[in-house]
Amino acid sequence: MYSSMFPSLVFLNLSLLIFTNGVFGVETEDVGGMEGDPVTLHTGVEKQKDDLIVWYYGPEKTLDVQINGKASKTIIADRVAGRVQVDGQTGSLTFTNIRTTDSGLYNLKISSKNRASYKRFSVSVYDLLPVPVIIRNTSQCSSSSGSSSVSKCSLLCSVLNVSHVTLSWYKGNSLISNISASDLRNSLSLPLEVEHQDKNTYSCVLNNPISNQTKHLDISQLCQPCADLPVFLIPVLLSVVIVLVIGAVIYFRTKRGGYQKANLMQFGHTETITEALTVKESKHKIQQQV
């Protein structure tokens, strides 16, 4: 009696283990895509008439899609409603417009009359990559020390609001330096210093596991000597200088005219006082003689 019950208990425990922790020995297929792309999870089988096909999402095995062949009924969860299509022949699941929030683990269970098969997918959805931006770091304009007169050009390659990416500087096909962003959205900046007369080709590359964006460095455009001014600024600066000079001349002339006027008024007041004193003295002498 006990020997006949043992296989049943083993089967029951194995079924519980499969339902809660997944199927032992089932390999995980990695699938990647860019946000907005169509992505298909292939069952790899032909669906039979009475098959029950169920797609689960995430570690909690949330039901996404259920295809009940016997009842000729398909259930699609609200999470993916309107964004997935189910292949009627295979049960494969296609995201027509996949999102980064669709990343995660997908479990497939196909139940037939006498058997059950399983498959698992690890889906990674990446953001569309921006093109890196290269600017000159003018705050670090410098010249090499010693007797050498070759000046250096400090550059900065940057990207904003990215995750799961690597930003790299290349000299030709050789990697110079790189920096990576985690699963959190970050801004990345990577410096580079080159000589003004450098004839090598440099490029800044932003990449994730399935795509990349490249920005090539134009040394002749960005790496002009620090003391040099852009040509379009020269007329502007000359105009400003001319206006300042004219304004200064007018100011000083106006101020000088005011001083001269004040001096003349002071000089005329002094002469009046002197004349009055002379008249007073003459009257006093006349009175004494009388």
Taking into account only those residues within the range 90-124 that are without any contact (Cβ under 8 Å) to a residue 24 or more places away in the chain and part of a loop (DSSP other than H, G, I, E, B), which is farthest from His42 (Cα to Cα)?
Asn114
Within the range 90-126, count every residue that is open to solvent by less than 70 Å² (accessible area, probe 1.4 Å) and under 28 Å from the mean Cα position of the chain (by Cα).
13
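Only one of Ile98, Ile110, Ile67, Ile134 is touching a strand residue (DSSP E or B) at 6+ places or on another chain (Cβ under 9 Å), under 20 Å from Asp30 (Cβ atoms) and of a type in the set (Val, Ile, Thr); which?
Ile98
Does the range 159-173 contain at least one residue that is over 26 Å from Tyr126 (Cβ atoms) and either out of contact with any Leu (no Cβ under 8 Å at 6 or more places or on another chain) or modelled with pLDDT of 95 or more (or both)?
Going residue by residue through the range 159-173, those that are over 26 Å from Tyr126 (Cβ atoms) are 171-172.
Among the residues that remain, those that are also either out of contact with any Leu (no Cβ under 8 Å at 6 or more places or on another chain) or modelled with pLDDT of 95 or more (or both) are: 171-172.
For the range 159-173, residues over 26 Å from Tyr126 (Cβ atoms) and either out of contact with any Leu (no Cβ under 8 Å at 6 or more places or on another chain) or modelled with pLDDT of 95 or more (or both): present.
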Failed condition for Leu229, given (1) at pLDDT 65 or above; (2) outside any helix (DSSP H, G or I); (3) not small (Gly, Ala, Ser), with all others met?
(1)
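Among the strands (runs of 3 or more DSSP E) confined wholly to the range 164-220, which include 1 or more residues that are surrounded by fewer than 15 Cβ atoms within 10 Å (Cβ to Cβ)?
Numbers: elements: 166-171, 174-180, 186-195, 202-208, 211-216.
Where strands (runs of 3 or more DSSP E) fall fully within the range 164-220 and carry at least 1 residues being surrounded by fewer than 15 Cβ atoms within 10 Å (Cβ to Cβ), they are 174-180, 186-195, 211-216.
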The range 131-150, residues that are surrounded by 13 or more Cβ atoms within 10 Å (Cβ to Cβ), modelled with pLDDT of 95 or more and outside any strand (DSSP E or B):
Pro132
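Pick out, from the range 40-89, the strands (runs of 3 or more DSSP E) lying fully within it that include 2 or more residues that are of a type in the set (Asp, Glu), surrounded by fewer than 18 Cβ atoms within 10 Å (Cβ to Cβ) and within 33 Å of the chain's Cα centre (by Cα).
Numbers: elements: 52-57, 62-68, 73-76, 84-86.
No strands (runs of 3 or more DSSP E) qualify here.
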Show the residue pairs that are 6+ apart or on different chains and have beta-carbon atoms under 8 Å apart, the first residue being within the range 156-178 and under 22 Å from Thr138 (Cα atoms), the second being part of a strand (DSSP E or B) and of a type in the set (D, E, K, R).
Leu156/Arg136; Cys157/Lys215
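The values are calculated or read from the model by the stated rules, or taken from the named source; none is laboratory data. Computed from a predicted structure; not experimentally measured. Cβ coordinates were reconstructed from backbone atoms using ideal geometry, including for glycine residues, and neighbour counts include every protein chain displayed. Surface accessibility is based on the protein's heavy atoms, side chains included, excluding ligands, DNA and RNA. Shrake-Rupley method; radii C 1.70, N 1.55, O 1.52, S 1.80 Å.
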